[in-house]
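See structure below.
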Amino acid sequence: HTTDPVLYIHARIYEAQLVKKEGGSSIAETLADLVKLSKKERFDGFEDILYYAAAGMALQLGDTAQARTLLMKSVTYSTENTSVKNQAYLKLADISYAQRDYTFASNCYDSLNFQDPSLTEQSAKLQLRQQILKDLVEQMNVVKRQDSLQAVAKMPEKEMDAYLKTLVRKIRRER
């Protein structure tokens with residue numbers, strides 16, 4: 001029943017960690033509570049911390065899909081707190097990398113602010129991974145484009161003409 005919202009948020013997070021160590025099953029309850037708190041007006045401006053903490057709880061439960069969603073919300077709400085934003089991008093990148101979603105992982109690594117003091121120890125490793133993923137994504141895009149062109153080239157002439165006409169119409173509509 002504290003008046004300081006940050007103190008309350010961190011108290012809930014540490015309480016969930018203590019309950020987990022004792023073998024309790026309230027991680028899901030704490031996750032739901034943190035998401036519920038993010039919707040309250042009293043905690044406006046702290047949504048990034050709440051969603052980041054909730055994502056950590058979701059990861060403890062093994063729900064990477066929900067963790068990705070919560071981390072994306074944390075990043076969108078994060079304005080001034082670059083440390084939380086960087087940590088959220090780093091977790092998003094790690095999850096995406098593990099799921100072999102290299103394009104999204106590359107985008108997350110590109111969004112990191114390497115001037116943040118919390119990343120100084122890992123900076124060289126992260127920049128190396130960022131460059132490797134950038135090159136990998138570039139090559140994947142080339143392969144994808146080449147596969148598409150070869151698939152069109154293998155089509156019979158009438159099918160190819162029909163496909164190209166519909167593609168031209170689609171591009172004109174988009175413009």
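Only the coordinates and a few stated rules stand behind these numbers; no lab work does. Just so it is clear, the structure is predicted and the values come from calculations on it, not from any experiment. In this analysis, Cβ positions are derived from the backbone assuming ideal geometry, glycine residues included, and neighbour counts consider all displayed protein chains.
Worth a mention:
- Computed from the Cβ-Cβ distance with R0 of 35 Å, the FRET efficiency linking residue 162 to residue 72 stands at 0.35.
- Estimated from the Cβ-Cβ distance and a Förster radius of 45 angstrom, the FRET efficiency linking residue 153 and residue 36 is about 0.25.
- Kyte-Doolittle at least -0.5, axis length at least 15 Å by Cα - qualifying DSSP helices, the chain: 5-21, 27-38, 47-61, 64-77, 82-98, 123-153
- Helical contribution to [θ] at 222 nm, DSSP H n ≥ 4, -39,500 (n - 2.57), averaged over the chain, rounded to 500: -25500 deg cm²/dmol
- Net charge of neighbours whose Cβ lies under 14 Å from the Cβ of residue 142, counting Lys and Arg as +1 and Asp and Glu as -1: 0
- Distance between the modelled labels on residue 15 and residue 122, one decimal in nanometres: 2.9 nm (7 Å Cα→Cβ projection).
- When the charge dipole of the range 89-175 is built from unit charges on Cβ atoms (+1 for Lys and Arg, -1 for Asp and Glu) and taken about the Cα centre, the candidate among 142, 105, 130 whose Cα reaches farthest toward its positive end is 142.
- In this simple spin-label model, placing a label point 7 Å from the Cα along the Cα-to-Cβ direction at both residue 29 and residue 170 gives a separation of 5.1 nm.
- Cross-link check: pairs 91/170; 85/134; 39/85; 85/170; 40/85; 36/134 evaluated at a Cα-Cα cut-off of 28 Å; pairs beyond the cut-off: 91/170; 85/170; 36/134.
- Cα gyration tensor shape of the chain, rounded if a/c is under 1.5, else prolate or oblate by comparing a/b with b/c: prolate
- Amide H contacts for residue 116 (H built 1.01 Å from N in the peptide plane; partners 5 or more residues away or on another chain; cut-off under 5 Å): none found.
- Placing +1 on the Cβ of every Lys and Arg and -1 on the Cβ of every Asp and Glu, with nothing else charged, gives the chain a dipole about its Cα centre of roughly 840 debye.
- Protection proxy ranking, peptides 82-94, 163-175, average beta carbon neighbours within 10 Å, highest first: 82-94, 163-175
- Percent of Cα pairs exceeding the 24 Å cut-off, where the set is the range 60-151: 28
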